[in-house]
Amino acid sequence: AQAVHLSDYTPPAFLIDQVALTFRLHPTATRVLSKIAFRPNPAATDRRFFLHGEQLRLIGARINGAPVSPEITDTGLTCAVPDGPFTWEAEVEIAPEENTALEGLYMSNGMYCTQCEAEGFRKITFYPDRPDVMAPFDVRIEGAAPVLLSNGNPEARGEGWAEWHDPWPKPAYLFALVAGDLVSKSDVFTTASGKNVMLNIWVRPGDEDKCAYALDALKRSMVWDEQVYGREYDLDVFNIVAVDDFNMGAMENKGLNIFNSKYVLASPETATDDDFARIEAIIAHEYFHNWTGNRITCRDWFQLCLKEGLTVFRDQQFSGDMRSHAVKRIEDVLMLRARQFREDNGPLAHPVRPERYVEINNFYTATVYEKGAELIGMLKRLVGDDGYARALDLYFERHDGDAATIEDWLKVFEDATGRDLSQFKRWYSQSGTPRLTFTDDFNDGRYTLHFKQETPPTPSQPEKAPQVIPIAVGLLNPNGDEVLPTTMLEMTEAEQSFSFEGLSTRPVPSLLRGFSAPVIVQRDTTAEERAFLLAHDTDPFNKWEAGRTLAKDVLMRMVADGAAPGPAYLDALRAMAGDDALDPAFRALALRLPSEDDMAQSLFDSGITPDPLAIHAACEKLKTAVARHLSDLLPRLHDAMACPGPYAPDARNAGRRALRQAALGYLSRLDGGALAAARYAEADNMTDQLGALSCLLEIGEGAAEVAGFFRQWSADRLVMDKWFALQAGLAAPHKAASVARSLTEHPDFDWKNPNRFRAVIGALATNAAGFHDPSGASYDLVADWLIRLDAINPQTAARMSTAFETWARYDADRQALMRGALERIAARDGLSRDMGEMVGRMLG
Ligand code: HT7
Ligand code: ZN
């Protein structure tokens with residue numbers, strides 16, 4: 001398939017003044033009538049009239065009312081057009097019921113819905129389906145469903161029809177339509193300037209009592225965007241619809257967000273604390289897109305990070321404000337390392353702004369989203385809070401209504417702050433995670449830090465130039481007092497030193513506070529120094545990081561030479577776990593060991609071929625050692641963190657439950673799961689129920705509870721996803737493939753539903769030791785299912801193929817098995833463009 005290049009961008013040949021669409025809904029024969037007012041783009045270099053269109057049956061087309069016969073190919077149509085403005089009309093037929101790819105107009109549980117980002121609108125009608133063509137839309141829907149929704153404001157409705165008008169020019173990827181038997185949970189929000197907005201969350205009948213949390217999160221997001229970014233909502237209604245069959249998390253269509261039901265529906269009985277937190281974050285994320293994405297969109301898909309990096313950064317700020325900044329930062333960094341560092345260190349590494357793609361759906365990645373957000377955080381650190389606020393004000397003022405670029409984005413920062421950001425721009429074009437090494441010396445009261453930065457080669461980028469790295473540093477004296485509060489150093493050279501004068505003793509450095517840049521700090525240091533920082537660092541991120549690196553060092557030694565865990569880590573962990581002055585959520589995070597996948601990457605980085613089974617065994621051993629070392633503290637912690645009264649999903653209670661759960665996990669290793677079984681039996685909320693069940697499964701117990709859970713929840717799709725995922729994700733290494741296989745044979749394994757597919761196949765791929773079982777059984781099972789899914793839903797199948805992106809880390813046998821699985825996928829007839837690109841990049 002042909003690649004698209006950033007350097008090939010040309011402006012659209014025609015612009016659109018107005019779009020009118022009529023939908024006559026039918027499951028197998030929906031008619032879409034379009035009437036589009038085109039005019040030539042004075043800035044265009046190409047004058048050809050081309051409309052994208054795929055899988056459409058053209059019934060008829062007219063220009064200025066006269067019938068025309070366009071030339072149609074697999075990707076669209078061309079037609080001779082008059083000079084000057086003209087009206088294009090077309091009627092096409094599509095079959096939503098046959099659309100299993102869940103892109104374009106499709107059906108989920110009898111409901112019509114759409115997904116148009118990135119290039120799904122071309123499966124609805126012929127159109128210039130590119131984000132830099134923006135237009136106001138009028139939509140008429142005719143269909144038997146009681147609820148008929150589209151973007152913008154409702155204009156008129158009658159029996160079997162409804163009309164919508166969206167006054168804000170938008171690209172086609174933000175178009176949406178929903179029709180079905182839905183009920184709503186509603187409220188009214190009054191904006192800062194006094195305008196009333198009707199808020200509706202639309203769900204299937206029976207789910208209306210699971211919308212309250214999402215609705216509340218929406219109102220909080222609206223207030224927050226007004227207060228923090230000065231952004232008000234701009235329509236009379238804001239609709240959210242929950243859909244069961246959805247390829248990703250949610251979609252920010254103008255005025256009509258469509259959500260995977262998993263990220264809307266929540267009740268204490270069915271959703272965990274993590275689910276509540278994710279719902280809050282995703283509701284906020286999609287709402288924030290109204291300004292960062294919709295009012296200001298992307299010129300082309302290479303600029304995807306312009307809206308996604310910024311909107312992730314904004315949702316992270318919001319969650320930090322709603323909950324705890326320290327805990328949120330740690331969670332975000334855990335996720336960045338688990339997903340983005342993994343991507344950046346393998347064959348799929350690409351810049352935050354990629355320069356070529358075959359299938360854009362393959363670039364909705366952790367690099368574009370999460371590393372993209374880190375770049376915004378670094379910019380803010382470099383220009384300061386005031387500079388950031390001025391730049392954002394200028395961005396909204398200058399680019400409202402535009403399809404913008406990263407150059408536009410950086411220019412507002414340069415203009416608002418006077419800074420030259422040409423070197424910073426490298427963060428957008430260079431892939432790979434920089435390694436930051438340092439040494440220090442101390443002479444006559446002068447302490448000097450010497451840094452070196454190096455970014456390893458990545459696909460098609462053998463050489464890297466130095467990047468601007470904001471390094472937040474603090475210094476502590478040996479009795480634990482801070483002698484230098486957090487100070488931002490700006491590293492711009494490959495090697496650079498920074499000195500601090502007037503110190504009476506050699507300080508202990510606390511580096512990269514708050515994880516001030518997305519880099520890997522490599523430094524040999526003693527367990528005592530890490531334990532010292534864990535005890536004394538005033539920066540909560542680095543306090544946690546010190547414990548984390550201690551745990552990693554211990555695990556590395558356990559894996560490499562079978563060493564027993566030393567006292568430094570265990571004592572430090574004990575002191576921290578028992579320190580009631582610390583936030584329970586923070587302590588819960590500190591008690592969590594590094595993931596097995598993270599350990600595999602760290603071992604590989606230090607030149608050791610990781611053995612997933614040895615890593616798993618070491619983690620198990622360390623968990624038991626921690627449990628024994630903390631055996632007197634754990635029951636106290638468990639009991640003290642009980643949350644009396646009815647369940648509430650707020651951060652304080654969730655933090656207490658998380659710490660209680662961490663204690664229960666370790667205790668289960670001492671009592672054979674007795675307490676977890678009791679907790680399971682008495683649980684009155686899903687956090688406790690699932691938490692207790694996972695403790696049991698982790699120690700190879702819980703068969704009766706698994707059966708009971710199924711009986712209790714078999715009618716609830718979202719809860720059943722948890723049932724599937726827990727079993728595949730926590731199965732013992734040698735059993736994981738057979739457990740997952742039998743789950744795929746379960747009558748409720750509806751593999752066409754992306755959530756259910758991910759719950760089994762995705763969970764198996766995250767069960768590190770089980771996935772990498774030396775027999776290769778899991779690789780085969782995952783590959784078989786990816787092949788099957790690719791035939792009906794390429795987007796989700798291709799995303800999940802990243803299970804194999806780490807093949808180069810492993811021993812020759814595993815490499816051969818993993819590459820064999822990829823080659824088997826690659827060899828399939830009729831492989832999708834999505835999957836073809838992914839396996840091609842992974843095989844190199
Ligand atoms: N902007 C959206 C990204 C997206 C998507 C969402 C659902 C299904 C398919 C999709 N393709 C791209 C979601 C977001 O980042 O907010
Ligand atoms: Zn987004």
Legend entry - Residue under evaluation ASP129, criteria (1) surrounded by fewer than 19 Cβ atoms within 10 Å (Cβ to Cβ); (2) closer than 30 Å to SER69 by Cα, criterion not met: (1)
Legend entry - Pairs where the first residue, in the stretch 485-514, is within 18 Å of ASN542 (Cβ to Cβ) and of a type in the set (D, E, K, R) and the second is modelled with pLDDT of 95 or more and part of a loop (DSSP other than H, G, I, E, B), C-beta under 8 Å, 6+ apart: ARG513/ASP539
Legend entry - Condition met for GLY309 (in a helix (DSSP H, G or I), within 11 Å of ligand 1 (Cβ to nearest atom) and either out of contact with any Pro (no Cβ under 8 Å at 6 or more places or on another chain) or acidic (Asp, Glu) (or both)): yes
Legend entry - Matching entry among ILE296, ILE282, ILE240 (being farther than 24 Å from ASN109 by Cα, touching a strand residue (DSSP E or B) at 6+ places or on another chain (Cβ under 6 Å) and either away from ligand 2 (no atom under 16 Å from the Cβ) or at pLDDT 95 or above (or both)): ILE296
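Being more than 16 Å from ligand 1 (Cβ to nearest atom) and either closer than 26 Å to ARG656 by Cα or not acidic (Asp, Glu) (or both) is the requirement here; does TYR233 meet it?
Answer is yes for this residue.
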Inset, instruction - Mind listing whichever residues of the stretch 231-264 are in a loop (DSSP other than H, G, I, E, B) and among the hydrophobic types (A, V, I, L, M, F, W, C)? - result: LEU235, PHE246, MET248, VAL264
Legend entry - Among the residues listed as GLU407, GLU414, GLU374, GLU370, the single one being away from ligand 1 (no atom under 14 Å from the Cβ), among the acidic types (Asp, Glu) and crowded, with 21+ Cβ neighbours inside 10 Å: GLU374
Legend entry - Given (1) closer than 28 Å to PHE396 by Cα; (2) hydrophobic (A, V, I, L, M, F, W, C); (3) more than 11 Å from ligand 1 (Cβ to nearest atom), number of the condition ILE330 does not satisfy: (1)
Inset, instruction - Considering each of ALA95, ALA118, ALA145 in turn, give the residue that is within 16 Å of ligand 2 (Cβ to nearest atom) and out of contact with any Cys (no Cβ under 6 Å at 6 or more places or on another chain). - result: ALA118
Legend entry - Odd one out for ASP74, checked against (1) of a type outside the set (Val, Ile, Thr); (2) without any contact (Cβ under 8 Å) to a residue 40 or more places away in the chain; (3) in contact with a Pro (Cβ under 9 Å, 6 or more places away or on another chain): (3)
Inset, instruction - Of all residues in the stretch 594-630, count the ones that are crowded, with 20+ Cβ neighbours inside 10 Å and of a type in the set (A, V, I, L, M). - result: 8
Inset, instruction - Could you figure out which of (1) in contact (Cβ under 8 Å) with a residue 60 or more places away in the chain; (2) out of contact with any Cys (no Cβ under 9 Å at 6 or more places or on another chain); (3) assigned to a strand (DSSP E or B); (4) β-branched (Val, Ile, Thr) isn't true of VAL228? - result: (3)
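Each row is one residue, and each column tells you yes or no for (1) away from ligand 2 (no atom under 16 Å from the Cβ); (2) within 16 Å of the chain's Cα centre (by Cα); (3) closer than 28 Å to LYS543 by Cβ.
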| position | (1), (2), (3) |
| --- | --- |
| LEU256 | no, no, no |
| ASN290 | no, no, no |
| GLN303 | no, no, no |
| LEU310 | no, yes, no |
| PHE313 | no, yes, yes |
| ASP321 | yes, no, yes |
| HIS325 | yes, no, yes |
| ARG329 | yes, yes, yes |
Legend entry - Sole residue being over 22 Å from GLY120 (Cα atoms) and in contact with a Ser or Thr (Cβ under 6 Å, 6 or more places away or on another chain), chosen from ALA338, ALA349, ALA373: ALA349
Inset, instruction - Considering every residue within the stretch 359-369, establish whether at least one is free of Cβ contacts under 8 Å to residues at least 60 places away in the same chain, within 14 Å of the chain's Cα centre (by Cα), over 28 Å from PRO11 (Cα atoms) and within 14 Å of ligand 2 (Cβ to nearest atom). - result: yes
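Does ALA349 satisfy the condition of being assigned to a loop (DSSP other than H, G, I, E, B), more than 16 Å from ligand 1 (Cβ to nearest atom) and surrounded by 19 or more Cβ atoms within 10 Å (Cβ to Cβ)?
Working: assigned to a loop (DSSP other than H, G, I, E, B): yes; more than 16 Å from ligand 1 (Cβ to nearest atom): yes; surrounded by 19 or more Cβ atoms within 10 Å (Cβ to Cβ): yes.
Spelling it out, ALA349 is indeed assigned to a loop (DSSP other than H, G, I, E, B), more than 16 Å from ligand 1 (Cβ to nearest atom) and surrounded by 19 or more Cβ atoms within 10 Å (Cβ to Cβ).
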Legend entry - Some residue of the stretch 335-343 being away from ligand 1 (no atom under 16 Å from the Cβ), in a loop (DSSP other than H, G, I, E, B) and either surrounded by fewer than 20 Cβ atoms within 10 Å (Cβ to Cβ) or within 11 Å of the chain's Cα centre (by Cα) (or both): no
Legend entry - In the stretch 247-271, residue surrounded by the fewest Cβ atoms within 10 Å (Cβ to Cβ) [restricted to those that are within 8 Å of ligand 1 (Cβ to nearest atom) and of a type outside the set (S, T, N, Q)]: GLY249
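The values are calculated or read from the model by the stated rules, or taken from the named source; none is laboratory data. Note that the structure is predicted; figures quoted are calculated from it, not measured. Reconstructed Cβ throughout: ideal geometry from the backbone, glycine too, with neighbour counts over all protein chains shown.
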